[in-house]
Ligand SMILES: Nc1ncnc2c1ncn2[C@@H]1O[C@H](COP(=O)(O)OP(=O)(O)OP(=O)(O)O)[C@@H](O)[C@H]1O
Ligand SMILES: [Mg+2]
């Protein structure tokens, strides 16, 4: 498809989105509403997935590194690193791309097809900025928080496995997760999270905003929002990892 | 007063609006009539700038709207209210918040003043005690009236209505027509209404523009319509057998 057309139109839209809001008090209120809608309402899924994935990563690592030359605490170390570096920032962002992206695209898309966006425009409201900017700001604030929660819970999932099964002794897990901790890893993870948060909300906002037609097309837009947000997350994950860690 | 001069609008190389020139007076209900597909909605969207005309200019009291940049357009738009064919109320807001929206956005009124204005507008359209209902909980006619309340909330100088009474029973339709007309006179608004309802035309058609396949085919007042010899206008006006006989 004409990718360049979409990229051009996306940047043109972003120029209308990222400007000083017409009414600051209204904007602040919207941001808080969106933090609730996009962030707090996703907390449940983040909690469940993080705990279980932390547990599974621990078990997998334990079984696959069962070698006399590797110290047992390496399991804890590997679990912590994969959760902080990759699992929490990237996988949680992909999950949010599905949950939040489809919500944004269908919300804005249905406003488009029922002329609510036209109504905003006619009133003199910058509809693109009004609808999309608070969502972007909300995600930039709340997604890092979700990812940090996910890191703790993921590591706790590993703790649960060590404490209640005989996959590995708890003391070894504990010394593993405290081994050679580098703060830069967290910084790297949060930079990724922030970039992904921007990609999810702006790409989904884009597909919602340019929905054409009726209810069926709203569905198409929200599918496209999820697909393209995910693709760009994966792509930028590679790019950022190369830039920040290499 | 709104003037449109030589407006053309194309979709995929089809001219949908052809060379439309017309003026719409202040304090009058100006009607654009014509059969379905004649281009009324497209013309209205060109006037308010939701569609960019391919040629021609729109003037709001001598201000050339078409030539303005977005910032200047937004200033003019704060002076206009629009009623969409489907109402276009904000689903996520209740009726009170819907009507209050333009006030929240563009005025510095206190909370109490805004609420007072909202209740005044809702009363004006005969909607009481529904402040906390959501658009999905209203009937079609109530939605239309709530949308009118939102359109007039911020004292517009220009009011646009796209088929204000489509889908309504004849009695409610007349109530809404008269409401729009009263508001127009009361606040000296320049009002443009799209309709294909002959009842409305005869009730409130101060000035009438008849569109036929994208062109202005006839202009006049409602009194003139009955005596016009324009073939297409007559076939639009006297569409029903009953009316033909009456003529
Ligand atoms: N976005 C668009 N793209 C292509 N063609 C369009 C578009 N919008 C309208 N048209 C065409 O323009 C013509 C006029 O449509 P318009 O909606 O103005 O009719 P109308 O007079 O408002 O009819 P109705 O009374 O049924 O509302 C129609 O033939 C329609 O197919
Ligand atoms: Mg129409």
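All of the numbers you see were taken from the coordinates with simple rules; none came from a lab. Given the structure is predicted, the values throughout are model-derived calculations rather than measurements. Note that each Cβ is placed from the backbone with ideal geometry, even for glycine, and that neighbours are counted across all protein chains shown.
Output the 0 to 90 degree angle, nearest 10, between the alpha-carbon long axis of helix B:111-124 and the longest principal axis computed from the alpha carbons of chain B.
Taking the Cα atoms of chain B, the angle to B:111-124 is about 40 degrees.
Return one number: the angle in degrees, 0 to 90 and rounded to the nearest 10, between the long axis of the Cα atoms of helix B:95-106 and the longest principal axis of the Cα atoms of chain B.
Once rounded, one gets 90 degrees.
How compact and how long is segment A:94-188, expressed as Rg and Dmax of its alpha-carbon atoms in Å?
Computed over the Cα atoms of segment A:94-188, radius of gyration and Dmax are 21.6, 66 Å.
Output needed: percent of Cα pairs per 10 Å distance bin for chain B, bins running from 0 to the one holding the longest distance.
7, 31, 35, 21, 6, 1
Kindly state, to the nearest 0.05, the FRET efficiency for residue A:67 paired with residue A:179, given R0 = 22 Å and r defined as their beta-carbon distance.
0.80
I'd like the distance separating the alpha-carbon centroids of segment A:176-246 and segment A:21-65, in whole Å.
What the calculation gives is 13 Å, centre to centre.
At 0.36 nm per residue, minus the direct Cα-Cα distance, what do residue B:166 and residue B:21 gain on full extension? Give it in nm, one decimal, please.
49.6 nm
What Kirkwood hydrodynamic radius do you get for the protein assembly as shown when you take the inverse of the mean 1/r over all pairs of distinct Cα atoms, in Å?
About 25.9 Å, per the Kirkwood formula over Cα pairs.
Cut-off 10 angstrom, C-alpha nodes, Gaussian network model of chain A. Which of A:37, A:126, A:64 fluctuates the most?
So, out of A:37, A:126, A:64, the one fluctuating most is A:64.
How would B:171, B:28, A:41 line up from fewest to most surrounding beta-carbon atoms within 10 angstrom?
Listing B:171, B:28, A:41 from fewest to most nearby Cβ atoms yields B:171, A:41, B:28.
From the helices alone, meaning DSSP H stretches of at least four residues, give me the mean residue ellipticity at 222 nm for chain A, per-run term -39500 (n - 2.57), in deg cm²/dmol to the nearest 500.
Using -39500 (n - 2.57) per qualifying helix, the result is -25500 deg cm²/dmol.
Pick from A:148, A:91, A:45 the residue whose mean-square fluctuation is largest in a GNM of chain A, springs joining Cα atoms under 10 Å.
Taking springs between Cα atoms under 10 Å, the residue moving most is A:45.
Calculate the FRET efficiency for residue A:170 and residue A:45 from the Cβ-Cβ distance with a Förster distance of 35 Å, rounded to the nearest 0.05.
For R0 = 35 Å, the calculated efficiency reads 0.80.
How large is log10 of I(q)/I(0) for segment B:91-155 at q = 0.11, 0.28, 0.29 Å⁻¹ when the intensity is taken from the Debye formula with one equal scatterer per alpha-carbon?
At q = 0.11, 0.28, 0.29 Å⁻¹ the computed log10 ratios are -0.20, -1.29, -1.37.
Any idea what Rg and Dmax come out to for segment B:52-111 if you just take the C-alpha atoms, in Å?
Radius of gyration, then largest Cα-Cα span, for segment B:52-111: 14.7, 44 Å.
Could you give P(r) for segment B:197-238, binned at 5 Å from zero, as whole percent values over all Cα-Cα pairs?
Binned Cα distances yield the sequence 6, 24, 39, 25, 7.
Select from B:139, B:23, B:200 the residue whose mean-square fluctuation is largest in a Gaussian network model of chain B (Cα-Cα springs shorter than 10 Å).
Result: B:139 has the largest fluctuation of those listed.
Just the C-alpha atoms of segment A:19-167: what Rg/Rh do they give, with Rh taken as the Kirkwood radius?
Rounded to two decimals, Rg over Rh is 1.18.
As a check on your grasp of the helix formula, calculate [θ] at 222 nm for chain B: sum -39500 (n - 2.57) over DSSP H runs of n ≥ 4, divide by the residue count, round to the nearest 500.
-12000 deg cm²/dmol
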